[in-house]
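Just so it is clear, none of the values below were taken in a lab; they were calculated from the coordinates. Being a predicted model, the structure only gives us computed values, none of them experimental. Here the Cβ is made from the backbone with ideal geometry for all residues, glycine too, and neighbour counts use every protein chain on show.
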Amino acid sequence: MARKFFVGGNYKMNPATKSAADGLVKLLNEAQVKGDVDIVVAPPALYLLPIRDALKTQHVQVSAQNCYLKDSGAFTGEISPAQLADAGIPYVILGHSERRTIFHESSEFVAQKTRAALDKGLTIILCVGETLAEREAGKTTAVVQSQLEPVVKLLQESEWNKIVIAYEPVWAIGTGKVATSQQAQETHAEVRAWLAKSVSSKVAQETRIIYGGSVTGASCRELAAQPDVDGFLVGGASLKPEFVDICNAQA
Ligand code: PEP
């Protein structure tokens, strides 16, 4: 089964003004998207609904950048999966390395949030990836598997069609140091083989594994040509016109 190409734009805590956010919407509304691709942008929570409502293109959907576990309650600063679902937000990014590092989210906590988001019908862009020290110590596969294991334990096989795995080596995020197509392909193939063993060969074949880490308009085509690279999660370049080139990387 061919996996549909997927490109996510993670705006992080950008842009700094609503008028700049309007500029990003304009870019997306005017984009010439070729081919069959799921495009999902993740603005800050404050801009989720205005951006969703201003998008005129059916090609683009929106995602939250994070959510908590519970439906509601005394959790100051958090957004619940129930609230996202009620607002019609179809996607949420979970386990981004900035959440894992700066906000100390463990893989178990990310798995619990994945469970909670699935229970509300959301689709999860689930981020995993190793640090430079871990890669240099030859631990890339072990680290990525240890991040996925708690998720595997909490999911039924049939729920994996609501998971997009984003392989994002921490050393490549926001550094300008993109993984080579060979490095990305190798890790994606290992994740797929591990999914076959740990879940099922159907899930391994059908789950999209996208790459994230300093992807640009210049680097996207070679990466997209790899057999196990099913798209991208894009940070910095999602705020620039070249995001459209990245969306068209496989066209
Ligand atoms: C990200 O934050 O998910 C990311 C991949 O960022 P960048 O493209 O800027 O490296």
Label-to-label distance, nm, for residues given as A133 and A20 (7 Å Cα→Cβ offset): 3.2
At R0 = 22 Å the Cβ-Cβ FRET efficiency linking Q58 and D86, nearest 0.05, sits at 0.50
Less than 13 Å Cβ to Cβ from V60, Lys/Arg counted +1 and Asp/Glu -1: what total charge do the surrounding residues give? 0
Mean separation of Cα contacts under 8 Å (at least 6 apart) over the residue count of region 165-251, i.e. the relative contact order in percent, is 34
Filter the cross-link list K4/K139; K70/K153; K4/K162; K56/K113; K18/K162; K120/K153 down to pairs whose alpha-carbon distance in this structure exceeds 25 Å. K4/K139; K56/K113; K18/K162
Scoring the chain by relative contact order with C-alpha pairs under 8 Å, at least six apart, yields a percentage of 22
Over region 107-154, calculate the relative contact order: mean separation of alpha carbon pairs under 8 Å at least 6 apart, over the residue count, as a percent. 52
I need the shape label for region 58-135. Rule: rounded when a/c is under 1.5, else prolate if a/b > b/c, else oblate, with a, b, c from the alpha carbon gyration tensor. oblate
Full extension between H104 and T216 adds, at 0.36 nm per residue less the Cα distance, a length in nm of 37.5 nm
Tell me, rounded to the nearest percent, the portion of alpha carbon pairs in region 153-219 spaced more than 15 Å apart. 55
Helical mean residue ellipticity (222 nm; -39500 (n - 2.57) per DSSP H run of 4+; nearest 500) of the chain: -12000 deg cm²/dmol
Could you work out Rg/(2.2 N^0.38 Å) for the chain, with Rg from alpha carbons only? 0.94
How would you rank 84-90, 169-175, highest first, on the average number of other Cβ atoms within 10 Å across their residues? 169-175, 84-90
Ranked from fewest to most other Cβ atoms within 10 Å of their own Cβ, E222, E157 fall in the order E157, E222
Taking neighbour counts of Cβ atoms within 10 Å as a proxy for exposure, in what order, fewest first, do K162, K70 appear? K70, K162
Please list the three semi-axes, largest first and in whole Å, of the ellipsoid equivalent to region 1-141, using sqrt of 5 times the eigenvalues of its alpha carbon gyration tensor. 25, 20, 16
Among T180, T141, T123, determine the one that fluctuates most according to a GNM of the chain built with springs between C-alpha atoms less than 10 Å apart. T180
